[in-house]
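Taking it in order: structure first as structure tokens, then the write-up.
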Amino acid sequence: MTPPVRRLGSAGRERFLAHLLALPADDIRLRFGTALAASSIAAYVARIDFDNDAVFAMHDDSLAVIAAAHVGFSEDAAELGVSVSPGHRGRGLGTGLLARASEHARNRHRNRLYMHCLAENAAMMRIARRAGMSIVIDTGEADAHLALPPANPASVTNEFITDQLALFDFALKTHVDALKRATDAVKNG
């Protein structure tokens, strides 16, 4: 079972940055299409407008981000960037993030979602193919596009319910984590 996908607000900026900085160097290169220094990744995260763009995350039981997607919006389309922590791959997290991002973009009246990645990024290529995205590969880079149907009452309701479940999951994990830390403090102190 994949964790619920929660939309992060600007208060989640540091968790998103910590997730990206914890990725191995090759994963960073695959995610951004080039090697980046920590300062460049921090600048990228600092520039995200959490009111207009969307950052979605999945959290583990200790509230760390284990998978994330940044959706940047243009006039008629949305661009997606996905990352999954190494210890959590192969469980459908990237596919879940793509589905959540697609629905979000659809409900904001975008007619297509696209991803740009290196052609060697086998995981993203596999996710794109599974989602039915059309993929064009040229000179070592790939562009994947997905036509999005218009929003309808069912898609808007589904997004609302998904958001509420993710908020509940995060609140529950927050309370369990606080209880665990309090219990540890009593044991150790």
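The values are calculated or read from the model by the stated rules, or taken from the named source; none is laboratory data. Keep in mind that this is a model prediction, so the values were computed, not measured. Here the Cβ is made from the backbone with ideal geometry for all residues, glycine too, and neighbour counts use every protein chain on show. The accessibility values were calculated without ligands, DNA or RNA, using every heavy atom of the protein model including side chains. Shrake-Rupley method; radii C 1.70, N 1.55, O 1.52, S 1.80 Å.
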Quiz item: Cβ-Cβ below 9 Å, separation at least six or inter-chain, first residue in the range 38-55 and within 18 Å of Asp76 (Cα to Cα) and at pLDDT 95 or above, second hydrophobic (A, V, I, L, M, F, W, C) and in a helix (DSSP H, G or I): which pairs?
Solution: Ala54/Ala101; Ala54/Ala105
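Among the residues of the range 75-99, write down those that are of a type in the set (Gly, Ala, Ser), within 16 Å of Ala147 (Cα to Cα) and in a helix (DSSP H, G or I).
Going residue by residue through the range 75-99, those that are of a type in the set (Gly, Ala, Ser) are 77-78, 81, 83, 85, 87, 90, 92, 94, 96, 99.
If we keep only those that are within 16 Å of Ala147 (Cα to Cα) as well, we get 77-78, 99.
Result: Ala99, single match.
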Exercise. Considering each of His70, His104, His88 in turn, give the residue that is open to solvent by less than 10 Å² (accessible area, probe 1.4 Å) and of a type outside the set (A, V, I, L, M).
Key: His104
Quiz item: Looking at the range 16-28, which of its residues are assigned to a helix (DSSP H, G or I), in contact (Cβ under 8 Å) with a residue 40 or more places away in the chain and over 14 Å from Tyr44 (Cα atoms)?
Solution: Asp27
Exercise. Return yes or no: is Gly94 crowded, with 19+ Cβ neighbours inside 10 Å, out of contact with any His (no Cβ under 6 Å at 6 or more places or on another chain) and not hydrophobic (A, V, I, L, M, F, W, C)?
Key: yes
Quiz prompt | Residues of the range 47-102 satisfying the condition of being in contact with a strand residue (DSSP E or B) (Cβ under 8 Å, 6 or more places away or on another chain) and among the β-branched types (Val, Ile, Thr) | solution = Ile48, Val55, Val65, Ile66, Val71, Val82, Val84
Quiz item: Mind checking whether some residue in the range 112-131 is farther than 19 Å from Asp163 by Cα, surrounded by 21 or more Cβ atoms within 10 Å (Cβ to Cβ) and of a type in the set (Gly, Ala, Ser)?
Solution: yes
Quiz prompt | Considering residues of the range 132-189 that are within 19 Å of the chain's Cα centre (by Cα) and assigned to a loop (DSSP other than H, G, I, E, B) only, the residue surrounded by the most Cβ atoms within 10 Å (Cβ to Cβ) | solution = Met133
Quiz item: Which of (1) among the hydrophobic types (A, V, I, L, M, F, W, C); (2) in contact with a helix residue (DSSP H, G or I) (Cβ under 6 Å, 6 or more places away or on another chain); (3) part of a loop (DSSP other than H, G, I, E, B); (4) open to solvent by less than 40 Å² (accessible area, probe 1.4 Å) does Leu36 not meet, given it meets every other one?
Solution: (4)
Self-check item: Test set (1) more than 16 Å from the chain's Cα centre (by Cα); (2) part of a helix (DSSP H, G or I) - Ser102 fails condition number
Solution: (1)
